[in-house]
Amino acid sequence: METNQQGGILKIPIILGVLSLVTMISVKFASLQLKELPFSFDSAAVATTTGSVISSITIIDDKEETFLLANSDSTIIFPANPRIYFIHVGKTGGVTLQTIFRTVPKSETISCRMNKTLYGKDDGTCYHPQANESQLSRHILTHFHMQNGGPNRTEEENKWLLNNTNVFLISVRDPIDRLISMYNYHKNVNYQILAQKRRIRPNSVWFFNCFAQEEGLDEVVNTLKNESKVTEQCKQIGLEVLLGRNFKGGAHFKLGYQYYKRYTIDAHPTTHEVAVIRMEHMFDDISKLDRAVGGTGEIQEAQSGGWKYTHGSEEYHFPYISDLSPSNAHLLCCLIYKEMEAYQSIILMAINLDHAQKQETLSNLLNHCQAKLKDEDDIGSFSWELFRHGTSCSSSLSFLNATEAA
């Protein structure tokens, strides 16, 4: 039957067809195996755990490879069953994070997980979370740090972790602040004692053979610039340490953002999402990530007052000014620009940071480096390569010869 109204035609069969299509879509949506997701898609429950009103929830595809949770704060895209590999970059608050996420005891479960997955069994039974453990921590399998990954970690276990996780959670910090911190850490006498207790080489060649103990990083840079104050050998060692080309200044100089990025993102560009915890916003980033995987965002360690864990470096007493002058900060930005590139890339890939947070984080670094950006709304397009070969860096690095400047 058809009804004509001033030239318009209403066809009931078409209406019935539309209703049928809507019904099919509803059935298809209901058939998805939502139980595999880390939390329920009940709108009221999700609004409670995220602490904000849900604006939309979208299933990316019926294979449930990913889900998208959009709320008033941000959009975070995680795999449906996040298996997180925490990447501890040195001098970024990683000891605190390892303790909060209990990654050292989790490291002891990797062989069990490998055996379970070998026979197609659930490897989640290998670890028994504590009653007050956050949802974020429950999704973290363990950590990777330095060259061996973790205590007594085998190469096979490290390979298994790379192939059986789907999120790299990387601890980060402003590269210049990190550089100052690792210099102070490795330079301090207490570190040398700690290294001897651990039966590892303290790598003190550069610090004790070339520069006085009372010299901070700022003074070391001043010395490197003055040929009358430094031997050619010490100058070469100093530059190679700062550029991360050897271990003579300490492991953290060599194992920086470039190293961890090559090991994770570059080697596995399509299998893992990337998230970060910024040392400057540690609690906020952890809380937000915890809510994204169905947690409350409340971290027990922070509430109980046990928030910070360190090597004891907060008790170091420096016989020098531990900060950098603006001119030397700029010089180091020019010198280690590839570290800046790697850091910027990691920040831009972070799924837990919105545009404003990425903008703020990278703008702070550019200000630290006294770098100018033509388009402030497009900070991701900043080229560290062009910065390095620009006029200001050429002037700051004029003390280098042609080979050193290459």
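Does Val89 count as of a type in the set (A, V, I, L, M), within 27 Å of Pro175 (Cβ to Cβ) and in a helix (DSSP H, G or I)?
On the way: of a type in the set (A, V, I, L, M): yes; within 27 Å of Pro175 (Cβ to Cβ): yes; in a helix (DSSP H, G or I): no.
Against the criterion (of a type in the set (A, V, I, L, M), within 27 Å of Pro175 (Cβ to Cβ) and in a helix (DSSP H, G or I)), Val89 does not qualify.
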Residue count, region 246-279 (criterion: at pLDDT 95 or above, more than 20 Å from Pro82 (Cβ to Cβ), more than 12 Å from the chain's Cα centre (by Cα) and open to solvent by 60 Å² or more (accessible area, probe 1.4 Å)): 2
Restricting region 282-327 to residues that are closer than 26 Å to Asn352 by Cβ, modelled with pLDDT under 85 and of a type in the set (Val, Ile, Thr), the residue that is least open to solvent (accessible area, probe 1.4 Å): Ile299
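Given the options Lys91, Lys106, name the one that is touching a residue at least 40 places away in the same chain (Cβ under 8 Å) and basic (Lys, Arg). Reasoning before the result, please.
Values: Lys106 fails: touching a residue at least 40 places away in the same chain (Cβ under 8 Å).
Being touching a residue at least 40 places away in the same chain (Cβ under 8 Å) and basic (Lys, Arg) holds for just one of Lys91, Lys106, which is Lys91.
Quick one: is Glu385 at pLDDT 90 or above, of a type in the set (D, E, K, R) and closer than 22 Å to Leu224 by Cα? Let's see the steps before the verdict.
Working: at pLDDT 90 or above: yes; of a type in the set (D, E, K, R): yes; closer than 22 Å to Leu224 by Cα: no.
When the stated conditions are applied, Glu385 does not pass them.
Which residue, of Glu360, Glu404, is of a type in the set (D, E, K, R), closer than 21 Å to Leu179 by Cβ and open to solvent by 40 Å² or more (accessible area, probe 1.4 Å)? Even if it seems obvious, please write down each step before you answer.
Working: Glu404 fails: open to solvent by 40 Å² or more (accessible area, probe 1.4 Å).
Selected residue: Glu360, the only one of Glu360, Glu404 that is of a type in the set (D, E, K, R), closer than 21 Å to Leu179 by Cβ and open to solvent by 40 Å² or more (accessible area, probe 1.4 Å).
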Helices (runs of 4 or more DSSP H) within region 93-209 that include 1 or more residues at pLDDT 90 or above and surrounded by fewer than 16 Cβ atoms within 10 Å (Cβ to Cβ): 103-107, 110-118, 155-163
Matching residues in region 338-356 - criterion: being open to solvent by 40 Å² or more (accessible area, probe 1.4 Å) and closer than 19 Å to Ile286 by Cα: Leu348, Met349, Asp354, His355, Ala356
Filter result for Gln213 (closer than 18 Å to Leu335 by Cα and either among the aliphatic types (A, V, I, L, M) or modelled with pLDDT of 65 or more (or both)): no
Every residue from region 210-224 that is touching a residue at least 12 places away in the same chain (Cβ under 8 Å), surrounded by fewer than 18 Cβ atoms within 10 Å (Cβ to Cβ) and not acidic (Asp, Glu): Gln213, Asn222
Pairs where the first residue, in region 228-248, is without any contact (Cβ under 8 Å) to a residue 40 or more places away in the chain and the second is in a loop (DSSP other than H, G, I, E, B), C-beta under 7 Å, 6+ apart: Ile237/Lys248; Glu240/Asn246; Val241/Lys248; Val241/Gly249
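The values are calculated or read from the model by the stated rules, or taken from the named source; none is laboratory data. All of these numbers come straight from a predicted model, not from anything done at the bench. Backbone-built Cβ (ideal geometry, glycine too); neighbour counts: all protein chains shown. Quick note on the areas: whole protein, heavy atoms, side chains included, nothing else; ligands and nucleic acids left out. Shrake-Rupley method; radii C 1.70, N 1.55, O 1.52, S 1.80 Å.
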